[in-house]
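Nothing in this text is a laboratory measurement; each read-out follows from the coordinates by a stated rule. These figures come from a predicted structure and were not determined experimentally. Note: ideal-geometry Cβ built from the backbone for every residue, glycine included; neighbour counts use all protein chains shown.
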Amino acid sequence: MSETGKYTHFDAAPHSTHSLIVSLVPARSRVLEFGCATGYMSETLKTRLDCHVTGVELSPEAGALARNHCERVIIGDAETLDFGQLFANEHFDVILFADVLEHLREPDATLLRVSPLLADEGAIIASIPNIAHGSVRLALLHGEFRYRDKGLLDNTHLRFFTRESVQDLFEETGHIITHWLRKRMEINRTEISLPAWPIPEAVSELLAADPESTTYQFIVRAVRSNAAKGLRQMRAEEEAAAARSEWLRRVRLAEREIAALVPSGNKFILVDENQFGGEFHAGGQAIPFLERDGVYWGPPPDDATAIREFERLRQAGAGFMVVGWPAFWWLDHYPEWSRHLRTTFRCAVENDRLMVFDLRAERDQ
């Protein structure tokens with residue numbers, strides 16, 4: 001959970017993660033601090049807020065130093081300790097995970113186990129790095145994901161979180177987040193170097209429009225709630241409904257675009273991985289690709305099969321080929337088939353939903 005010499009000092013800057021954590025802790029609280037390290041957070045909670053702190057620390061060396069600031073320090077792994085035996089009937093006003101949950105194998109199981117230790121009005125306070133920070137996204141676009149000694153890609157992190165997955169973690173374990181605070185850091189100020197190549201304008205605009213792209217860490221306060229799992233389920237249903245609505249919107253747009261090109265009753269080859277299904281009602285007669293006896297037969301095993309089957313359907317009267325967005329990856333996966341289409345036939349439509357090739361006449365070579 002922590003190491004002697006790695007994180008040993010309290011950062012007293014007004015907007016530091018440490019200061020934001022302390023701002024959520026009520027004075028004179030009974031605090032159970034996981035990953036107390038050398039006790040630097042415990043000392044601040046004790047001296048500033050008159051808190052009574054019990055620490056849990058994996059490192060015996062760090063734990064020995066933490067005893068100078070905690071009323072009690074337990075040495076052990078938070079994921080295997082027997083909390084029932086250790087704390088019996090004890091309850092805490094605050095259970096603190098300052099940069100700890102991302103180091104656990106099963107943070108959800110740990111939250112479930114510690115939740116009964118909360119007092120009636122108690123809360124869990126946690127700080128968690130944001131893997132969706134803009135610097136990480138840009139590094140991934142550059143093909144880079146390198147662990148570091150500290151920071152967002154600390155080499156001891158086992159789990160990675162975004163805002164949504166932080167919320168999921170707490171709600172799925174029976175907690176509702178009541179406070180969201182953020183430690184912000186500009187994209188070019190983190191320990192992750194930006195790519196040397198120019199960042200495309202569209203990427204810069206996307207990052208600028210996302211307020212979480214500068215969130216370095218989330219600091220949250222969560223309380224137990226019987227409604228938490230219901231809220232999570234409701235949000236999941238709303239997200240699924242929104243995704244379904246967007247899918248249908250794109251299908252309807254695609255139908256209209258095809259109807260404007262393909263004369264009613266004419267045959268066209270439809271490459272959609274059989275995903276449009278019964279929701280697709282284009283004016284022409286759609287032939288699945290690949291097909292056997294008019295039924296979708298799956299993706300072709302190779303380029304040669306794709307070209308052969310395409311030409312067979314074209315000779316049988318298909319006047320257009322429509323590639324829908326679920327199968328756009330085919331154009332990269334079958335490069336010879338894609339080259340055959342692009343060089344031999346005119347592309348009548350190309351957008352984020354469709355590519356439509358007119359097969360009625362070959363292009364002038």
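Key figures
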{"quantity": "Sorted by Cβ density within 10 Å, fewest first, the residues Thr305, Thr80, Thr38, Thr215", "calculated": "Thr80, Thr305, Thr215, Thr38"}
{"quantity": "14 Å cut-off, amide nitrogen to a point 7 angstrom out along Asp210 Cα→Cβ, residues in segment 171-189", "calculated": "187"}
{"quantity": "Hz values of 3J(HN,Hα) by residue in segment 12-19 - Karplus curve (6.51, -1.76, 1.60), Gly and Pro given as x", "calculated": "8, 4, x, 10, 6, 4, 4, 5"}
{"quantity": "Acute angle (nearest 10 degrees) that the helix 303-315 long axis makes with the longest principal axis of the chain, alpha-carbon atoms", "calculated": "40 degrees"}
{"quantity": "Residues Asp50, Asp168 arranged by fewest to most Cβ contacts within 10 Å", "calculated": "Asp50, Asp168"}
{"quantity": "Cα-only Debye scattering, segment 250-362: base-10 log of I(q)/I(0) at q = 0.12, 0.16, 0.24 Å⁻¹", "calculated": "-0.35, -0.65, -1.72"}
{"quantity": "Computed Kirkwood radius, in angstrom, where 1/r is averaged over Cα pairs of segment 17-226", "calculated": "18.0 Å"}
{"quantity": "For segment 29-67 versus segment 261-336, the gap between their alpha-carbon centres in whole angstrom", "calculated": "64 Å"}
{"quantity": "Rh (Kirkwood; distinct C-alpha pairs) - the chain, Å", "calculated": "24.7 Å"}
{"quantity": "Loop-located GluC sites (Glu not before Pro) in segment 163-260 whose Cβ has at most 15 other Cβ within 10 Å (DSSP)", "calculated": "Glu186, Glu191"}
{"quantity": "Those aspartates and glutamates that a straight Cα-Cα span of less than 20 Å connects to Lys229, excepting residues fewer than 8 apart in one chain", "calculated": "Glu106, Asp108, Asp120, Glu121, Glu164, Asp168, Glu171, Glu172, Glu237, Glu238, Glu239"}
{"quantity": "Straight-distance crosslink candidates among aspartates and glutamates, where the alpha carbon sits under 19 Å from Lys267 and sequence neighbours closer than 8 are dropped", "calculated": "Glu255, Glu257, Glu279, Glu291, Asp293, Glu309, Glu311, Asp358, Glu362"}
{"quantity": "DSSP beta bridge pairing in the chain, given as percent antiparallel to the nearest 5", "calculated": "50 percent"}
{"quantity": "14 Å Cα-Cα reach of Lys150 towards aspartates and glutamates, excluding residues that sit fewer than 8 places from it in its own chain", "calculated": "Glu3, Asp99, Glu102, Glu191"}
{"quantity": "Within the chain, helix-based [θ] at 222 nm, where runs of 4 or more DSSP H residues each add -39,500 (n - 2.57), nearest 500", "calculated": "-10000 deg cm²/dmol"}
{"quantity": "Exposure proxy ranking, count of Cβ atoms within 10 Å, fewest first, for Met41, Met234, Met185", "calculated": "Met234, Met185, Met41"}
